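A.B. asks: The structure follows.
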Amino acid sequence: MARRLDVTGADGVRLAAWDHTVRDRTAGSAGRGIVPQPGPGVPARPDDRSVPRPAGPPRAPAPRPAPGVLLLHGLMGHAGHWAAAVRRLTGGHRIVALDQRGHGASEKPAAGPFTREAYVADAVAVVEQLGLGPVTLVGHSMGALTAWQLAAERPDLVRALVICDMRASALGAASQRAWQDWFRNWPVPFPSLEAVHRWFGDEDPWVEVPHPARGAFFAEVMTERPDGWRPVFDPAQMLASRATWVHDAHWDSLAQVRCPTLVVRGLDGELGRAEAQEMVRVLPHGAYAEVPDAGHLLHYTHPEAWAEVVEPFLNGVLTL
């Protein structure tokens, strides 16, 4: 089970992070390295001070801290969406997932800000306060943009980067208007979680074919209110967050990333193969991977296949 960590983000925003690190509970034992001493009322032998004792085996050096990995979800997501994928990863890393501002259990300040600068500053605060640096950043969608902007601006904090299904090109004003219309069409409040599953998985006009995993994804970010089930986030804040990056291209910041970077896409995702390969070409140290049969939510719907392409990259980073 993940352990909650509270972090103070930019402008004092309260952030919830979740430590998914698997710890070896059998390592060590009580009393190891303790030299027995005489108990109360038991006199020491007269020669205890004069006879040298064997020094014993040398102490092992203190273990090096596990390399940090910070997971950044996409718009409307939350840290728990990484859980199944993280369970497929083996040891050797300290893995922390962040609920970004406006999402999950983190604060949702009414006045924001929900700018690119705020999201990046929050991620910097997590890396520094939790001692994760130099960190490997793993981001999905909007979280991937945050990750590569952080890597470009603070290369001292970043060891490596994984970009999951995020485009570097501008999506444009029409895309933002479509999202506004989509949010307005949500039949909130939902009468039950079953209704959430059904609408997002089948009845949503954006769904071309039934997609149960999409329904499950959105059910995880709903909470029960007196009038029914509503999202834990404010849709207006989500639109405000999206408006800060949807109109612009981000090739310049991508080209400034100097660390090893893996660009991962689902074959049916939002990032096309040609653009993904161009992103790899622009990156000074880029690599490319695909998750077969996956769409935009590749780490959530195909956690095992996602881990199979990401873990060799993570392990390879440790040898650099």
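The values are calculated or read from the model by the stated rules, or taken from the named source; none is laboratory data. Given the structure is predicted, the values throughout are model-derived calculations rather than measurements. Using ideal geometry, Cβ is built from the backbone for each residue, glycine included, and neighbour counts are taken over all protein chains shown. Keep in mind that these areas ignore ligands, DNA and RNA; they rest on the heavy atoms of the full protein, side chains included. Shrake-Rupley method; radii C 1.70, N 1.55, O 1.52, S 1.80 Å.
A.B. asks: For region 132-141, check the following and say yes or no: at least one residue is open to solvent by 20 Å² or more (accessible area, probe 1.4 Å) and touching a strand residue (DSSP E or B) at 6+ places or on another chain (Cβ under 9 Å).
C.D. replies: Restricting attention to region 132-141, the residues satisfying the condition of being open to solvent by 20 Å² or more (accessible area, probe 1.4 Å) are 133-134.
Next, from what is left, pick out any that are touching a strand residue (DSSP E or B) at 6+ places or on another chain (Cβ under 9 Å): 133-134.
The answer is yes; a qualifying residue exists.
A.B. asks: Filtering region 197-214 down to residues that are aliphatic (A, V, I, L, M) and either free of Cβ contacts under 8 Å to residues at least 24 places away in the same chain or touching a Pro at 6+ places or on another chain (Cβ under 7 Å) (or both), which residue is most open to solvent (accessible area, probe 1.4 Å)? Talk me through it step by step, then tell me what you get.
C.D. replies: Step one: filter region 197-214 for residues aliphatic (A, V, I, L, M), giving 207, 209, 213.
In the following step, the residues that additionally are either free of Cβ contacts under 8 Å to residues at least 24 places away in the same chain or touching a Pro at 6+ places or on another chain (Cβ under 7 Å) (or both) were identified as 207, 209.
Details: Val207: 22, Val209: 97 Å².
Per the criteria, the residue is Val209.
A.B. asks: Out of curiosity, is Thr115 open to solvent by 20 Å² or more (accessible area, probe 1.4 Å), β-branched (Val, Ile, Thr) and on the phi < 0 side of the Ramachandran plot? Steps first, answer last, please.
C.D. replies: Working: open to solvent by 20 Å² or more (accessible area, probe 1.4 Å): yes; β-branched (Val, Ile, Thr): yes; on the phi < 0 side of the Ramachandran plot: yes.
Considered against the rule, which asks whether it is open to solvent by 20 Å² or more (accessible area, probe 1.4 Å), β-branched (Val, Ile, Thr) and on the phi < 0 side of the Ramachandran plot, Thr115 comes out as yes.
A.B. asks: I would also like to ask the following. What number of residues in region 215-236 are open to solvent by 20 Å² or more (accessible area, probe 1.4 Å), outside any strand (DSSP E or B) and touching a Phe, Trp or Tyr at 6+ places or on another chain (Cβ under 6 Å)? Even if it seems obvious, please write down each step before you answer.
C.D. replies: Initially, region 215-236 is screened for residues open to solvent by 20 Å² or more (accessible area, probe 1.4 Å), giving 216, 220, 223-227, 229-230, 232, 234-236.
Going one step further and asking which of them are outside any strand (DSSP E or B), we end up with 216, 220, 226-227, 232, 234-236.
Checking which are touching a Phe, Trp or Tyr at 6+ places or on another chain (Cβ under 6 Å) leaves us with 235.
Matching residues across region 215-236 total 1.
A.B. asks: So the check is Cβ under 9 Å with 6+ separation or different chains; which pairs have a first residue in region 220-236 that's touching a residue at least 24 places away in the same chain (Cβ under 8 Å) and a second one that's β-branched (Val, Ile, Thr) and surrounded by 18 or more Cβ atoms within 10 Å (Cβ to Cβ)?
C.D. replies: That search, which allows pairs on different chains as well, returns Met222/Val196; Trp229/Val196; Pro231/Val221; Val232/Val221; Phe233/Val221.
A.B. asks: Return the total of residues in region 232-253 being of a type outside the set (A, V, I, L, M, F, W, C) and either closer than 19 Å to Leu283 by Cβ or in contact with a strand residue (DSSP E or B) (Cβ under 7 Å, 6 or more places away or on another chain) (or both).
C.D. replies: First pass over region 232-253, keeping only residues of a type outside the set (A, V, I, L, M, F, W, C): 234-235, 237, 241-242, 244, 247-248, 250, 252-253.
Next, only the ones that are either closer than 19 Å to Leu283 by Cβ or in contact with a strand residue (DSSP E or B) (Cβ under 7 Å, 6 or more places away or on another chain) (or both) stay: 248, 250, 252-253.
Selection size over region 232-253: 4.
A.B. asks: Does Gly77 qualify as being surrounded by 17 or more Cβ atoms within 10 Å (Cβ to Cβ), in contact with a Lys or Arg (Cβ under 6 Å, 6 or more places away or on another chain) and in contact (Cβ under 8 Å) with a residue 60 or more places away in the chain? Walk me through how you get there before you give the answer.
C.D. replies: Working: surrounded by 17 or more Cβ atoms within 10 Å (Cβ to Cβ): yes; in contact with a Lys or Arg (Cβ under 6 Å, 6 or more places away or on another chain): no; in contact (Cβ under 8 Å) with a residue 60 or more places away in the chain: yes.
Spelling it out, it is not the case that Gly77 is surrounded by 17 or more Cβ atoms within 10 Å (Cβ to Cβ), in contact with a Lys or Arg (Cβ under 6 Å, 6 or more places away or on another chain) and in contact (Cβ under 8 Å) with a residue 60 or more places away in the chain.
A.B. asks: Looking at this structure, is Leu89 more than 11 Å from the chain's Cα centre (by Cα), under 21 Å from Leu318 (Cα atoms) and either of a type in the set (Lys, Arg) or at pLDDT 95 or above (or both)?
C.D. replies: For Leu89, the condition - more than 11 Å from the chain's Cα centre (by Cα), under 21 Å from Leu318 (Cα atoms) and either of a type in the set (Lys, Arg) or at pLDDT 95 or above (or both) - is not met.
A.B. asks: Could you go through region 303-317 and let me know if any residue there is open to solvent by 30 Å² or more (accessible area, probe 1.4 Å), under 25 Å from Ser175 (Cβ atoms) and not acidic (Asp, Glu).
C.D. replies: Within region 303-317, not a single residue is open to solvent by 30 Å² or more (accessible area, probe 1.4 Å), under 25 Å from Ser175 (Cβ atoms) and not acidic (Asp, Glu).
A.B. asks: Same structure again: May I ask you to say which residue of Asp248, Asp227, Asp181, Asp204 is within 21 Å of Leu271 (Cα to Cα) and acidic (Asp, Glu)? Step through it out loud before you land on a result.
C.D. replies: On the way: Asp227 fails: within 21 Å of Leu271 (Cα to Cα); Asp181 fails: within 21 Å of Leu271 (Cα to Cα); Asp204 fails: within 21 Å of Leu271 (Cα to Cα).
The conditions single out Asp248.
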